[in-house]
Amino acid sequence: VANEIAVPNAFTPNGDNNNDRFYPVFNNKEVKLKEFRIYNRWGQIIYAETSEGWDGSYDSQLQPNGTYMYFLSYERLNVNTGEIEVKKKDGNFTLIR
């Protein structure tokens, strides 16, 4: 299903409770996020959780404006075969303060 996952291309963690966390959105309730990592421009992993979404900080320090990369993997049920499939997605996004 092409539309089962959407990943924002920017987020604004400014405390206004609107777009304050970077996290994929699943449009299929049968999908389970298995891995979610965020890297800074130097390739350092600065977030690796699957629960809350990234708040724009690393080691309690606010991270600067810029482009970051993400990698995620998720499981989905293939309705045609009944098998669980693992799908992967990566890309980049912009942090705007």
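What tally of residues in segment 59-97 results from selecting those that are among the acidic types (Asp, Glu) and touching a Lys or Arg at 6+ places or on another chain (Cβ under 8 Å)? Talk me through it step by step, then tell me what you get.
Residues of segment 59-97 among the acidic types (Asp, Glu): 59, 75, 83, 85, 90.
Then drop every residue that is not touching a Lys or Arg at 6+ places or on another chain (Cβ under 8 Å), which leaves 75, 85.
Count: 2.
Need at least 3 residues that are touching a Ser or Thr at 6+ places or on another chain (Cβ under 6 Å) per element, so show me which strands (runs of 3 or more DSSP E) inside the chain make the cut, counting only ones lying wholly within it.
Counting at least 3 such residues, we get 32-39, 84-95.
Identify the residue in segment 38-69 that is open to solvent by less than 70 Å² (accessible area, probe 1.4 Å) and in contact with an Asp or Glu (Cβ under 9 Å, 6 or more places away or on another chain) and, among all such residues, is nearest to residue 93 (Cα to Cα).
Restricting to residues being open to solvent by less than 70 Å² (accessible area, probe 1.4 Å) and in contact with an Asp or Glu (Cβ under 9 Å, 6 or more places away or on another chain), the top hit is 56.
Just give me the residues in segment 52-68 being farther than 14 Å from residue 35 by Cα and not aromatic (Phe, Trp, Tyr), in sequence order.
55, 56, 57, 59, 60, 61, 62, 63, 64, 65, 66, 67 - these are the residues of segment 52-68 that are farther than 14 Å from residue 35 by Cα and not aromatic (Phe, Trp, Tyr).
Give me the pairs: first residue in segment 74-97 and within 25 Å of residue 13 (Cα to Cα), second residue among the basic types (Lys, Arg), beta-carbon distance under 7 Å, and six or more apart or on different chains, which are they?
If the second residue must be among the basic types (Lys, Arg), the pairs left are 74/32; 74/34; 74/87.
Which count do you get for residues in segment 1-35 that are small (Gly, Ala, Ser) and touching a residue at least 40 places away in the same chain (Cβ under 8 Å)?
The qualifying residues number 1.
Hey, could you check segment 18-27 for residues that are among the aromatic types (Phe, Trp, Tyr) and open to solvent by 50 Å² or more (accessible area, probe 1.4 Å) and say which is nearest to residue 58 (Cα to Cα)?
So in segment 18-27, the residues among the aromatic types (Phe, Trp, Tyr) come out as 22-23, 26.
Within this subset, residues satisfying the condition of being open to solvent by 50 Å² or more (accessible area, probe 1.4 Å) are 23, 26.
Numbers: 23: 16, 26: 25 Å.
Among residues in segment 18-27 that are among the aromatic types (Phe, Trp, Tyr) and open to solvent by 50 Å² or more (accessible area, probe 1.4 Å), the one nearest to residue 58 (Cα to Cα) is 23.
Based on what the data block shows, is residue 30 open to solvent by 60 Å² or more (accessible area, probe 1.4 Å), more than 16 Å from residue 62 (Cα to Cα), at pLDDT 90 or above and not hydroxyl-bearing (Ser, Thr, Tyr)?
no
The values are calculated or read from the model by the stated rules, or taken from the named source; none is laboratory data. Here the structure is a predicted model, which is why all the values come from computation and not from measurement. Positions of Cβ are backbone-derived with ideal geometry, glycine not excepted, and every protein chain shown enters the neighbour counts. Remember, those area values only see protein heavy atoms, side chains included, never the ligands or the DNA or RNA. Shrake-Rupley method; radii C 1.70, N 1.55, O 1.52, S 1.80 Å.
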